Structure formats: C-alpha cells, structure tokens
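Here the structure is laid out as structure tokens; the discussion comes afterwards.
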Amino acid sequence: MTEGRILVEDTPSALDAEIAVIGAGVVGNSIAFHLAERGRDVLVIDKNYPLSGTSGSTQAWVWVHTKSPASYAEFSLLSAELYPYLKKRIGDVEYQATGGIAPIFDPKDLQRAKRFVETYRTHGIPVELLDRDEVLDKEPHLSPHVVGATFSRVDGNVNPFRLVDGYRRAAVRHGARYSFYNPVLEIEELTGGFVIRTERARVRSKKLVLAAGPWSAQVGRLLGVSIPVDPVRGQIVVTEPLQPLLRYTMSGMRQTQNGEILIGYSKENVGFDRRTRLPVIRQTVNMALQYVPKLAKAQVVRTFSGLRVMPRDELPILGRVPGHEGLYVAATHSGYTLSPLLGTLMAELIVDGETSIPIDAYSLKRFDA
C-alpha cells in the first residue's frame, strides 16, 4: 500500500467504511479531509486519480465578487475567508488573495455595475466600482479602451495541484483510505447502509457521499436519484512564462507564480468531449488581446480543456438526498472557491446532523417542482 492509495488487488473483496465518498476531485477530497479530521472512517472511491479530471483542468480562481445572486457571492466569501486557516492544517497551497478585477469596456455597462456594487455591499461583499484611471492605476497593462471595472480585494487564486494533493495527504494522515482506478458499477441501498460494487471490489458503507463532479448524474442514476447537472467544457490557453504583467486575478485570465498566463472562460455544452477546438482558442486569444494588448508578443505554449459540473440553475447542490437515509450529494462548479466551506459544512451535516450556516437554499429538493 502506498500513501493515500488502496491497491484493491491487495485488499479483501469486501471493504467496510463508515462513510464512502465517490469522487476524488477538489470537493470530494475536501469532504474526506474534514470528515477524517473529525475522526470518521472514510473511504474515497474514484474511477481515475486525483487531478486527472475536472480538478486538474482549471484556472483555480478563488472568485467571489461577481457571483450571482448576491447570497451566493456571500456564500463564496465565507469559503474564501477559510483559506488562511486551511493552510495551517494541510500545508502551503499557494493561495494568493490578489484581489479581483472584472473589466468593463462598454459604457452602457457602467450603470448596471453601479447597481450591482450597491446591492452586493448590502450583503457584506467588499466590492467597488473603479473608473478608467483607477483601473489603469491598479492594472497598467490593461487596454486603454477600458472604461471601468468592478474590483474586490477578496478574490484570488490557488495552486490546484497543491490544494487537492494537500487535502488528500492530510486526509490520509487522519486515517482516510483511497481506492483509485476503480469505477463504480452498481450501488445497492439497504437498511442502514449501502453496498457499492466497483470494478474490483465490493464496498459496504453506512453513509454515502456523491461528489462525482460532471459524472454526478450518472452515479445518481445508480440509486434512482436525479441530480440535474451537465458537463460544460471550458478551454484554456497558456502562454510562455512572462515577466510580471498582471497584478490581479482577472475575470478571464490570471498570471501564475512561474509567469505563465492562463486565459479562458469559455462554456460549451458538448457532453463529455474534452477536445480543444481551434475556433474557441481563437476567441480566447482575441479576448486576451482586447484585455491586454501587450500579450500580442507572447507565445502560446499549450492549450487544454476541462469539464465543469454545472447544476441546471448554476448554484451548488448540497446536503441530504431526500428519501434516502444516509445519502448525501455535493455537486457544484467553482469547486476551488467553495471547497473549504463545502468540506466543513458537509462534515458538520454528516457527523452532527446540522450545519453551522443554513444550506437549505442549495438542497436537491429545490428541483422537485
């Protein structure tokens, strides 16, 4: 056995766990860590390996201030504020509270942005509207055609590889077990628990958490549960390492610590197709040049795409699954923003039976109508 990994071939055909988590992405790993930290017996099952799917194909923003509605931005803010504390528990994840800028190029959008800022401030979101000179003072390499921007000091980014691996390693230190490269084939719901038949083992658990990202709908169907999510492809363009160019995380791009600039915010409903496509790459590059003309001299070194999990109303789906005792779901985009809070709340719900802040607005029950 290696750290954090159960080699199923070396284990009995039946595995017992108090709590099984299906999905080892950033959300599943956060839930596993928080449960294990509280002394629970946790087994995480995944058909691949952490960071080989959605969680490894991202810009990894920790983004708050343009989330809609404002209550969701407030929820995201609570999560972002947990990152400094999380670092002390799982190690350095290269979290940077850079502040975030959403540039505005159309003067017609300024009045709408003013109303947005006023509304969000009433929810405690620290956001302000910048005029053209203020924007260019903060981000000098932005296009001179910018007319303003919204700005919030709470936005930032994180190293996705360090974060997911940090969760996993910390979970293992607290006793969590993992079974990778082990697709779930069937799930049987019994009185007092579940039997999960995977490709190479039979797992018994008292409680079960569905955190399978874009595959949540398929896993839910194994239990006759409808989880209304869709995979949405996003494509990212990566430049060569450049001298410091961007000071802030920006809606659409950010600069990493090694100087690369990650660019892209595309959304394509193409099922589970993860291929990159030239038309979207061109659109992405054109967006980057509109924002930062100086990037015209930068070399593109690679592109990649990933599949976001997108609930039908674009808000998280969290909590108990109605009508199924001991069954829970956590499905959301913005997993990097939300994972510290989701892990905390899901652990509270599973262990204590209640959460420290309400999550009823994100219940699966809202889709019953």
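The values are calculated or read from the model by the stated rules, or taken from the named source; none is laboratory data. Every value quoted in this text rests on a predicted model; they were computed, and no experiment measured them. Don't worry about glycine lacking a Cβ; one is built from the backbone with ideal geometry, like all the others, and counts go over all protein chains shown. To get the accessible areas, we keep the full protein, side chains included, count just its heavy atoms, and leave off ligands, DNA and RNA. Shrake-Rupley method; radii C 1.70, N 1.55, O 1.52, S 1.80 Å.
Some notes on this structure:
- The largest-to-smallest principal axis extents of the Cα set in the stretch 24-139 are 54, 28, 24 Å.
- The relative contact order of the stretch 60-154, computed from alpha carbon pairs under 8 Å that lie at least 6 residues apart in sequence, is 36 percent.
- For the chain, the mean residue ellipticity at 222 nm estimated from helices alone is -9000 deg cm²/dmol, where every DSSP H run of n ≥ 4 contributes -39500 (n - 2.57) and the total is divided by all residues, rounded to the nearest 500.
- Rounded tilt (10° steps) of 26-37 against the dominant C-alpha axis of the chain: 50
- Taking a Cβ cut-off of under 14 Å around Y328, the surrounding Lys, Arg, Asp and Glu residues balance to a net charge of -1, with basic ones at +1 and acidic ones at -1.
- Solvent-accessible area per residue, Å², over the stretch 65-161 with all protein chains present [probe radius 1.4 Å]: 48
- Remark: for residue pairs K87/K365; K114/K297; K114/K294; K88/K267; K67/K114; K267/K294, the C-alpha separation exceeds 23 Å in K87/K365; K114/K297; K114/K294; K88/K267; K267/K294.
- Whether the stretch 189-292 is rounded, prolate or oblate, judged on the alpha carbon gyration tensor where a/c under 1.5 counts as rounded: prolate
- Percent RCO, i.e. relative contact order, over the chain, from Cα pairs under 8 Å lying at least 6 residues apart: 24
- Most fluctuating residue given options Q111, Q257, Q59, as computed from a GNM of the chain linking Cα atoms under 10 Å: Q111
- Loop GluC sites (Glu not before Pro), the stretch 160-256, which have at most 14 other Cβ atoms in a 10 Å radius of their Cβ (DSSP): E199
- Computed E for E18/D313 - FRET, C-beta separation, R0 56 angstrom, nearest 0.05: 0.95
- Report note on the peptides 276-285, 89-98, 60-69: ranked by the mean count of other C-beta atoms within 10 Å, highest first, their order is 60-69, 89-98, 276-285.
- Cα-based helix-to-principal-axis angle, 70-80 vs the chain, degrees rounded to 10: 70
- Separation of the V300 and R277 label points, Cα + 7 Å toward Cβ, nm: 1.5
- Taking GluC sites (Glu not before Pro) across the stretch 8-84, the ones in a DSSP loop with at most 16 further Cβ atoms lying within 10 angstrom of their Cβ are E81.
- The long axis of helix 278-291 is offset from the longest Cα principal axis of the chain by roughly 50 degrees.
- Computed over the chain with a Gaussian network model linking Cα atoms closer than 10 Å, the most mobile of M287, M253, M346 is M287.
- Ordering of 200-208, 359-367, 336-344, 44-52 by burial proxy (mean other Cβ atoms within 10 Å per residue, highest first): 336-344, 44-52, 200-208, 359-367
- Prolate/oblate/rounded label for the stretch 75-148 (Cα gyration tensor, a/c 1.5): oblate
- Between I31, I357, I22, the residue with the greatest mean-square fluctuation in the GNM of the chain (Cα pairs under 10 Å linked by springs) is I357.
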